Each structure stands twice: as C-alpha cells, then as structure tokens.
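First comes the structure, then the notes that go with it.
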Amino acid sequence: MKTEKDLRRMLAGMDRRGYPALKSLRGSYRLDGFTLTVDHVQGDPFAAPSKLSVFVPARGGASDALPGEEGGQGASPGANLRARAGSIPSFPPELFSTPERRCALEDLLIRRFCREAAQVSFKVGGSGKSGLVATSRPGPEVLPRSACTVGPRGVTLRFEAGFPAHGRTVDAAALERMLCELVPRCVCRALAADAGALAAARQAADLADDQAAARAELACRGLVAFVADGAVLPRQSGVSARPLAGAKPFRAPERLRVVLDLPHRGPTPGMGVPCGVTLIVGGGYHGKSTLLKALQEGVYNHVAGDGRELVVTDAAAVKLRAEDGRPVRGTDISLFINNLPDGRDTRRFSTADASGSTSQAAGAVEALEAGCRTLLIDEDTSATNFMVRDALMEEVVAADHEPITPFVERVRDLWERAGVSSVIVVGSSGAFFPAADTVVQMDRYEALDVTDRVREVCAAHGAALPVRAAGFAVPAGGKRLVLSVGGVAGASGRRACDKRRGRDDARGTRLKVRAQGLDELSVGTGSADVRLVEQLVDPEQVAALAQMVRKLAQDGALDGSRTVSEAVDALYAELAERGWQALSAHGYAACGLALPRKQELAACLNRWRTERGR
C-alpha cells in the first residue's frame, strides 16, 4: 500500500498536466491513523465527482498513540493536525452489537462527517466541481446507507470529492491540500471516538434499543402501531420534515393507553393501535392524515428530536392508495374486481394504464404478496368506488352490473380470515363504522376514543353488522416476474453479461442507470414511476432501487423463473451476506444509496415499464 509521502510525490508530478493524469491516483494510501482510497476519478472537473473512502481501523482508546501524532520534526501537516485534535480511537463493540445499534452508529457518523465536509467543501477553488467534499445527507429517518459501514475491523466512510483543476488542467497543490489536510480534518473530527462522539453514540444506541423493544412489543401485545405520549406529529410544512414549532404534543386516549417498559426510557405510555380494523375520523384539518402519515413513516426509526422517534409501526405495513395510470402486469385482482364487460380474466390482469380503482386493487394484492399484514389507507388518496358503494347507487346500478367489490365489503374478512389489519382515515362516509373494531377521532390534534359512540350510532340506524361480500379468497402463491430492462432479460441477460469487459447488455454497452429524486428510476430502456409509493422517504432509496433492478436483471432473476417475492428475498439475502458491494456495478461500493424495504422493491418491480410502455 502506498503512503502519504507517495501520494504527495505523485501529485507533485502531475501539476498542470491534463486532467486525465489524475486517473493514476486510483488506489489506497496509508495516512496517519487511517487509509484513504481513491475508487474512481471523474473524467473532468465538470463530471460527477470522484468516489473516495476512508477506513479507520479498530484500535484502543484515546491513550493509544498514532504514527506521527507527536507532531515533531518531519511530521506531515495532517499528522500535526491530528496531534492537536487527539488520536482516532475506536468506538467500543457494544455500540454496534445489534443491527439496530450498528445502523444508529453508522447514521451518526454520516451526519458528523456530512457536517465537517460542509465546513471544508470548496475551500480550494477551481473549475466545475473543484473542491467539493460531500457525503450522504440523511433526513430524520435512520436508514442503512452505503456511505458508512461499521464492523469489528473498523469504520469505512465513503464520500465524493471534486478534484481541483483550472480549466481542465490539474491543480496539484489544491488537491494535495484537500487530500492531505482537509479530508484528514473531517476524519479526525467526525470519526474519532472522543468524549462528545461517544456520548452521542451511546444516546443513539439507547434510542435504537428502545425503538427495537417498542417494535418487538407490537406483536406481543396485538398492536399494529404505538404512538408515545409527547410525540410531535405535525411537520413545519408539506415540504419540510422538521417538527412544527408549538405543535400540540400527542396524548393517548385512556382506553387505548398502553405502557411499554423500554430498556432505557423505562415505562413509556402512549396509544396502542390494535390489530383489526381501526378508523381515524374527524373534521378537516384536525390531524387525521397527520396521524396516518406518522404511522406510515413509523416503519422506520427516527433520530432524537424529530418528535416521532417513538412512533413505531409494524415494519411491513404498506400505505395503499389509488395510482391512476400505473401499469399492472399479471396480477390477480379478483378479490376486488370480477366480471368485466369485455370478459378479461381478472385472475391474471394486465393493463398499461390502470384506473384509480384498478390500481388500488392491484396495490392491495401486491402488498399482501410482499408480506404486508397492515394496510394504511387515507380516503383522500383513494378511489371512491374502490372504497365504498352506497345503497342509492345500488338502487340505480344493480350489483350484477358492477364488477368492483368495494373494500368496505372485504375489510372484515381481510382481518378475520387472512389476518390483515387496516387503519383507515375516513371523514366523509360512515360506511366503515359497522366494520370497525376501534375508532379514533382527531379533534384539534387531540386523539379521542369514540368507539362506543360509533357503536351506539350504528345500532340506532340498524347498521350494527358489517356488510360482507361473498367469495372471499386471498390470491395464493405469487406472480412470476418477467421484466425487461433492455438488452438484459433473465437468462439472455446472463448470457449477454460480460463482466470482464464491463458489458451489461446484448449490444455490448453498459446499462444506463438513473434515479430522479423520489419520482422515477430507470435501468436501460425500462423505468418505474414511484412518486406515489409514499413510504419511499429518501432519494437514496430510489437510487438503491435502480441498482437493485440492474442487479436482478444481470443475475437473470427477471426471466419468469421466480416470483416477485422470491426474487426480492434472494437479493436481500445476498445483501445481508455481502453488504453494499453486492450492488456495485464497478467493483467498489460508493456513497449515495439507502436501503428501501422489501415492500418498496416489490412495488418498483410491479410498476415497471419497458420502452414500449408495456
């Protein structure tokens, strides 16, 4: 492995040369206390930034000395900096002893490095992206991210850097300052287990323990979700994830109050949302959808200070909604739609342009195939004819002329016969009242239990029993996955892939992989619109989905030999074994990916379109 001295010598030799000379920097360099690796060098100053990583090996406490830390004669500027800042001690193994603790520590280190990188970014100038130093910027959710990996051997932090140049001429002095002074500063201040970092890491680990314990308690207590007293659910705005200042803290209604004994916080009261059918009712702007949104995002852990850190939901819960225009491919929607006028078989239904009701029916079945046992629904984003059908309409349009069996006629059987709970926001219709086990009213952001009142009203109107449709049968098995991303499709993709030449499709060119925020992703000539897959909360999850689809295509998993669930499970098993390297298209892992749930990968595959829109 090369040393810092080698790195400085190489940089000196390429000053004022053409930008391609920087390609020779690829490789690893042992700096004082950590290893710097240049994985990829950008093609020019205006291209996507270079990909780098640092590895801080596991070692003892702060008293352990590092080479060059004494700062004596001959010590490098980076070593002098580290001598002033202290050593780079490791985080003790107990801080990453469980998956939840490891994820919390990695998230903390990413946030710390991100803040430090912002302080040094563009300190050196130049053309294009010259001087950029950046890594992932997490939101309030704590997600596994490719930007950081913590393990017994040490900490790996991945980041991007814009190698400095003037025009397209290398600025070696600026790059030397970046790699030998500014990056080490970020490493020392962000990744060192000093007193402040240890305190923050222990707090994050304690919170992760409490969140894991709360989530484990859901199944034990027959709950689908828990909302702690004192939680702050409203956000600053529709485009801000920050908690709303001055918002009313949540407090559980007495009948739904449970107390969880958490390992660090101790007895923690809050509202338990029971399994079964739960309705959230109330007037407009009183907090119904705000509560549901907190529940749908409660499938993820949140950082301290978010306000929703102890809002936990069944980890496989899925937000179901209408998605006009989405494709549906080979899905059995007969649970909700039958006897179409054109005679199409709804047990294997396909369309390139689904209606609201058809898309919601397909989404429900696909969610169950993906392992969901809790459906979260808001009437504001649902197709009315999928949800309910009133008596007046039945007087005009006979039931044998209506192919849609509304959700209200299936919701009890979904729970009683299939074990699928539903949490539904309703504000304009009482049709679901007879089917409800629990009814929560939101009144000026205060939660009230009105279950008994609803039962009295139903009895008074002769509607005590829910309406159930005949012919209940949840589709068995799962649909086979046959998708195209261009030149790669299943077994033909395996034959076409020539990894030695970096060729991914039958034409011998790389598959182009793109992700556009939270809206869309594409691989080759195929794409998926995911803007209405609401539980995708971070653009890096969409970027990861794109790489997942690429890998599935290369591995031949899209040729119909597997069901959607089988393909998804196999990929996640490989990720658990190999880590982020499993998604690398170039032989190295890079920052910029965050792990979506299995349910979101299945949703992506179920919404896939080819270039011909099929």
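Some notes on this structure:
- If you go through the range 8-58 and keep only what is closer than 26 Å to Gln581 by Cα, outside any strand (DSSP E or B) and not charged (D, E, K, R), you end up with Leu22, Ser24, Leu25, Gly33, Val41, Gln42, Gly43, Ala47, Ala48, Pro49, Ala58.
- Sole residue being of a type outside the set (Val, Ile, Thr), within 22 Å of Gly363 (Cβ to Cβ) and assigned to a helix (DSSP H, G or I), chosen from Leu575, Leu605: Leu605
- Of the strands (runs of 3 or more DSSP E) lying entirely inside the range 146-263, those containing at least 1 residues that are closer than 17 Å to Thr35 by Cα span 148-151, 154-161.
- Residue within the range 350-372 that is buried (at least 18 other Cβ atoms within 10 Å of the Cβ), at pLDDT 95 or above and in a strand (DSSP E or B) present: no
- As a summary of the residue check, Phe407 satisfies the conditions (1) crowded, with 19+ Cβ neighbours inside 10 Å; (2) under 28 Å from Glu520 (Cα atoms) except for the one numbered (2).
- Of the residues Val187, Val124, Val120, the single one that is over 30 Å from Pro267 (Cβ atoms) and buried (at least 24 other Cβ atoms within 10 Å of the Cβ) is Val187.
- Condition check for Arg137: within 18 Å of Leu25 (Cβ to Cβ) and either surrounded by fewer than 23 Cβ atoms within 10 Å (Cβ to Cβ) or under 25 Å from the mean Cα position of the chain (by Cα) (or both): no
- Within the range 550-568, the set of residues being touching a helix residue (DSSP H, G or I) at 6+ places or on another chain (Cβ under 7 Å) and in a helix (DSSP H, G or I) comprises Lys551, Leu552, Ala553, Gln554, Val564, Ser565, Ala567, Val568.
- Filter pass, Leu335 being in contact with a Pro (Cβ under 8 Å, 6 or more places away or on another chain) and surrounded by fewer than 22 Cβ atoms within 10 Å (Cβ to Cβ): no
- Residues in the range 148-184 that are of a type in the set (Gly, Ala, Ser), crowded, with 24+ Cβ neighbours inside 10 Å and over 34 Å from the mean Cα position of the chain (by Cα): Ala165 only.
- Of the residues making up the range 423-450, those that are in contact with a strand residue (DSSP E or B) (Cβ under 6 Å, 6 or more places away or on another chain) and polar (S, T, N, Q) are Thr438, Gln441.
- Filter result for Val397 (surrounded by fewer than 20 Cβ atoms within 10 Å (Cβ to Cβ), β-branched (Val, Ile, Thr) and without any contact (Cβ under 8 Å) to a residue 12 or more places away in the chain): yes
- Qualifying residue in the range 583-598 (condition: more than 30 Å from Ala161 (Cα to Cα) and part of a helix (DSSP H, G or I)): yes
- Residue check, Lys2 buried (at least 18 other Cβ atoms within 10 Å of the Cβ), of a type in the set (Lys, Arg) and out of contact with any helix residue (DSSP H, G or I) (no Cβ under 7 Å at 6 or more places or on another chain): no
The values are calculated or read from the model by the stated rules, or taken from the named source; none is laboratory data. What you are looking at is a predicted structure, and each value in this text was computed from that prediction instead of being measured. All Cβ positions, even for glycine, are placed from backbone atoms using ideal geometry, and neighbour counts span all protein chains on display.
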